[in-house]
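A short worksheet on the structure shown next.
The values are calculated or read from the model by the stated rules, or taken from the named source; none is laboratory data. Computed from a predicted model, the values in this text were never measured in an experiment. All Cβ positions, even for glycine, are placed from backbone atoms using ideal geometry, and neighbour counts span all protein chains on display. Surface areas here come from the heavy atoms of the whole protein model, side chains and all, with no ligands, DNA or RNA. Shrake-Rupley method; radii C 1.70, N 1.55, O 1.52, S 1.80 Å.
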Amino acid sequence: MIPFLDLKEINRQYHQELKEACSRVIDSGWYIMGNELKAFEQEFAEYCGSTYCVGVANGLDALILTLRAWKELGKLNDGDEVIVPSNTYIASILAISENNLTPVLVEPDINTFNLTADGIESAITEKTKVILPVHLYGQISPMKEIMQLAKKHDLLVLEDCAQSHGAMIDGKKAGTWGDAGAFSFYPGKNLGALGDAGAVTTNDEELLEALSALRNYGSHEKYKNKYKGVNSRLDEIQAAMLRVKLKHLDRETKARQAVAKQYLDGIKNPLIELPEVTTVEGHVWHLFVIKTKYRQELQQYLSDNGVQTLIHYPTPPHKQEAYSEWNDESFVVSEELHEEVLSLPISSLISFNDIKVAIEVINNYKVK
Ligand SMILES: *Cc1c(COP(=O)(O)O)cnc(C)c1O
C-alpha cells in the first residue's frame, strides 16, 4: 500500500536531533514558558517574516485567541460579522462562534478552493469587521486583492495558515499579509510538532501583548491579571521539537512541490480534474486534492490497487449537526466540492517511484 502519509517515517529522519532536543528540555528543569518557546517564537517569526510570534496550545486557539484579543482591545464586539470560506475545515468557523461573533460563509472559487476578492466583497455589510481567509490545502489566497478590499472597507484580516506554512506571493509569506496569521503545528501539518501546538504571527505590538496575556490566564505580569484569560501555552518540549523540524521545513516543502509537479504532469485521465495552481511558490501542498464525479468508485478502486486516499472534507460545515441553524441553507459550490474532492498521497518522503505507480493506477481508471 502506498500510504497517504507516513508520519513515523518522517519523524524518524530527525530521531537523533529530536532526542537531543528532548534531553535538553528534560535537563533544563524548566518545562513551560521558557527559553525553548522564546527561541522558537523568534525563529518562526523570522522564518515567516513577521515582527512577532506568540506560541499557543494549538491552531484552534491561535484563531480563537486572536479574535478574542481584538475584542479585548475594543476592535470587535459581539455579533460583528466575520467572512470565512464555506468549505473550510470547521475549526476556522468554531473560532468565530466561540467569540460570539457571526460567521458569514462565503463560497470559494471552485478550482483554487480559496476565497476570491469578488466573493468577499459581495458579502460585506455594515456589520462586517473581519475577513478570515483560509489558505486551504496549502495554497495561499489572493492576498493582494484581499488586503486592498480590507483597506477599502476598514476590515481586520486574520489569515488561517494552518495548512500553509511558508506559502508566499512575491516572496511575502502566509501570515504576514493580514493583521495576524494563525498557525497549527498538529503533527500532520507541514510543520508538525509531536503533539499539539500553534502560534500567531503579527507585526502589531498591541496584539502581541494581548495574546501573550490571554494564553496565560490573562496575566500580563506574574499574579496580575488584565483579562479573564485561558491556559493555552506551547510547552517547552513541543517548542524544542518544532525548532528541530523548522530547520527542515523548506527542504520538505520543496519535496512536496516536486511530488505535486509529478502528479500535475502525469495525471491524464478525463474523469479527473486537477487542482488549479496560481503560482509555484504560492502552494506548499499540504494536500494534493483532485476532483471527480466518481469519487466513491475511484477511492475504492485506488484502495483495491494499493493507493491510500482520504477526503478533506466529507461534510461541509453548514451541514454539520453543530451548526444545525444552517442545515437548510445551500452553498452549492461547497456542496459540490465536498462531494467530489479526493486527497492523493503526498509527503516529503514519498518516493518518485511510488508516485509514478499511483499515477499509472489513476490513469488506468475507467468508469465501470
Ligand atoms: C488543522 C486546522 C486548524 C486547527 O488546528 P489544530 O492545531 O488542530 O487546532 C484550523 N484551521 C485549519 C484550516 C486547519 O487545517
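Here are the numbers for the structure shown:
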quantity	calculated
Unique residue being under 20 Å from GLU46 (Cα atoms) and either open to solvent by 90 Å² or more (accessible area, probe 1.4 Å) or part of a helix (DSSP H, G or I) (or both) when the list is ALA240, ALA210	ALA240
Pair list, Cβ under 6 Å, 6 or more apart: the stretch 184-196 residue touching a residue at least 24 places away in the same chain (Cβ under 8 Å), other residue within 6 Å of the ligand (Cβ to nearest atom) and in a loop (DSSP other than H, G, I, E, B)	SER184/ALA162; ASP196/ASN58
Residue list for the stretch 257-293, filter: open to solvent by less than 50 Å² (accessible area, probe 1.4 Å) and among the β-branched types (Val, Ile, Thr)	VAL259, ILE267, ILE272, VAL284, VAL289, ILE290, THR292
Positions within the stretch 336-360 being without any contact (Cβ under 8 Å) to a residue 60 or more places away in the chain and either surrounded by fewer than 17 Cβ atoms within 10 Å (Cβ to Cβ) or of a type in the set (Lys, Arg) (or both), in sequence order	GLU339, SER351, ASN353, GLU360
Candidate set from the stretch 143-177 (those that are outside any helix (DSSP H, G or I) and charged (D, E, K, R)); member that is nearest to the ligand (Cβ to nearest atom)	ASP160
Residues being among the acidic types (Asp, Glu) and in contact with a strand residue (DSSP E or B) (Cβ under 9 Å, 6 or more places away or on another chain) - total across the stretch 340-368	2
Some residue of the stretch 193-202 being part of a loop (DSSP other than H, G, I, E, B), within 13 Å of the ligand (Cβ to nearest atom) and within 12 Å of the chain's Cα centre (by Cα)	no
Matching option when the condition is open to solvent by 20 Å² or more (accessible area, probe 1.4 Å), touching a Pro at 6+ places or on another chain (Cβ under 6 Å) and not hydroxyl-bearing (Ser, Thr, Tyr), among GLN296, GLN320, GLN308, GLN300	GLN308
Given (1) assigned to a loop (DSSP other than H, G, I, E, B); (2) within 15 Å of the chain's Cα centre (by Cα), index of the condition GLY181 fails	(1)
Helices (runs of 4 or more DSSP H) (entirely within the stretch 12-93) containing at least 3 residues that are open to solvent by less than 10 Å² (accessible area, probe 1.4 Å) and under 28 Å from GLU281 (Cα atoms)	35-48, 59-72
Residues that are away from the ligand (no atom under 14 Å from the Cβ), more than 12 Å from LEU156 (Cβ to Cβ) and either in contact with a strand residue (DSSP E or B) (Cβ under 7 Å, 6 or more places away or on another chain) or among the β-branched types (Val, Ile, Thr) (or both), drawn from the stretch 47-83	CYS48, GLY49, SER50, THR51, TYR52, CYS53, VAL54, GLY79
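For every residue, the table says whether it meets (1) more than 12 Å from the ligand (Cβ to nearest atom); (2) more than 16 Å from the chain's Cα centre (by Cα).
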{"residue": "SER92", "(1), (2)": "no, no"}
{"residue": "GLU107", "(1), (2)": "yes, yes"}
{"residue": "ILE110", "(1), (2)": "yes, yes"}
{"residue": "ALA123", "(1), (2)": "yes, yes"}
{"residue": "GLU126", "(1), (2)": "yes, yes"}
{"residue": "ILE131", "(1), (2)": "yes, no"}
{"residue": "LEU136", "(1), (2)": "no, no"}
{"residue": "SER141", "(1), (2)": "no, no"}
